[in-house]
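Below: the structure, in structure tokens.
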């Protein structure tokens, strides 16, 4: 057994010895409250450990005598112990004698607010002799308890209450049994002993992205778009796309503007969905990657718009194509104004099954006994939604139009149902 694991017992034995010596050899017992007076007569002080709690101040500190600078080790287990002392006076538990004996015991603890190493060595046996070696000394502090708190304590043991005093004893350190990590000494400070590399600014020494600028008046990127990445240390880097949906997405081409800007051309065959974009820089020491920024790629409707659809038997069938196929597991829907229609499931394909499709059919039906869900004979702004990303419906800025002109809807992106 690790000797320091007996520190709680060593502390109790030390306090018992301090009381016994200070009271002139009076009977000092260490028992629970309900058995404190069993088979005992005459003057008696009972010392009862009723609670053990962690010490917050030492909870994450290294043991100074175990860990040298540069080494790491599990911190010790720091404990605060709470004791209750109860006095019994004479054979008949005379209250006057009990009160006098309690006062003497409290006076002893008052005279020993700190237990030194020499006192611990005297009052404990050889098995627990390492308690006196801990850095922090054992401190004894009177612990105020309300009448309600001390009554609950006695009620727990179902015994009659006697006047008692509570004390806090801290700190007791129990060392961890896990080993210390002691690294080898440092012989060189960096490559060729050049020391640390410093820089006079707060710019990170590796590529870092701060923003991705989309084409004007677009909420999402589109296949083939040129987006501008802004950041620092970008010179010589190449943009790379990643996606949880697409294991190996096509990669963009990168053109450097300066050390803080890159122009990135997205592939024309980039499928709609959510991606992350980062800049990777190849150095003599290996590849360095910047932080990642989110990038939403919107679908592009290739069916000529505006489009007019005629209902047949109260049912409107709308067929649309997308510039880049969508995976079968992607969620595809059509928004007409504020109405959303889900794409019809693809027919069972012959084996092997295809992995994507770019033609979608949307069927809007008149509910039984109800009205057609969208307005009739009115052009409705149309958005193709793939995985929650909508195709663009904002009109581009026209030549000569001021930059601060408010955006407007593209009136050509409409479908009319008759």
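The values are calculated or read from the model by the stated rules, or taken from the named source; none is laboratory data. All values reported here derive from a predicted model rather than from experimental measurement. Don't worry about glycine lacking a Cβ; one is built from the backbone with ideal geometry, like all the others, and counts go over all protein chains shown.
Among (1) at pLDDT below 95; (2) outside any loop (DSSP other than H, G, I, E, B); (3) loosely packed, with under 14 Cβ neighbours inside 10 Å, where does residue 350 come up short? Failing condition for residue 350: (2). Within the option set 272, 268, being surrounded by fewer than 17 Cβ atoms within 10 Å (Cβ to Cβ), touching a strand residue (DSSP E or B) at 6+ places or on another chain (Cβ under 9 Å) and either in contact (Cβ under 8 Å) with a residue 12 or more places away in the chain or over 28 Å from residue 204 (Cα atoms) (or both) holds for one residue only, 268. The residue list 98, 20 contains one member that is within 24 Å of residue 140 (Cβ to Cβ), more than 54 Å from the chain's Cα centre (by Cα) and surrounded by 14 or more Cβ atoms within 10 Å (Cβ to Cβ), which is 98.
Entry remark, the range 19-60: residues being in contact with a strand residue (DSSP E or B) (Cβ under 7 Å, 6 or more places away or on another chain), touching a residue at least 12 places away in the same chain (Cβ under 8 Å) and in a helix (DSSP H, G or I) number 2 in total. Among residues of the range 194-213 being assigned to a loop (DSSP other than H, G, I, E, B) and in contact (Cβ under 8 Å) with a residue 60 or more places away in the chain, the one that is nearest to residue 260 (Cα to Cα) is 207. Among the conditions (1) surrounded by fewer than 14 Cβ atoms within 10 Å (Cβ to Cβ); (2) assigned to a loop (DSSP other than H, G, I, E, B), residue 257 misses just one, which is (2).
Counting the residues of the range 158-193 that are under 23 Å from residue 101 (Cα atoms) and part of a loop (DSSP other than H, G, I, E, B) gives 5. For the range 304-328, filtering for residues that are free of Cβ contacts under 8 Å to residues at least 60 places away in the same chain and in a loop (DSSP other than H, G, I, E, B) leaves 4. Within the range 1-10, the residues that satisfy the criterion of being surrounded by 14 or more Cβ atoms within 10 Å (Cβ to Cβ) and either touching a helix residue (DSSP H, G or I) at 6+ places or on another chain (Cβ under 7 Å) or free of Cβ contacts under 8 Å to residues at least 60 places away in the same chain (or both) are 3, 4, 6, 7, 9, 10. Within the range 276-291, can one find any residue that is outside any strand (DSSP E or B) and surrounded by 14 or more Cβ atoms within 10 Å (Cβ to Cβ)? Yes, the range 276-291 has at least one match.
Is it fair to say residue 330 is out of contact with any helix residue (DSSP H, G or I) (no Cβ under 8 Å at 6 or more places or on another chain) and under 29 Å from residue 207 (Cβ atoms)? Judged against the criteria, residue 330 is not a match. Annotation note: of 293, 244, 266, the sole residue that is under 17 Å from residue 387 (Cβ atoms) and at pLDDT 95 or above is 266.
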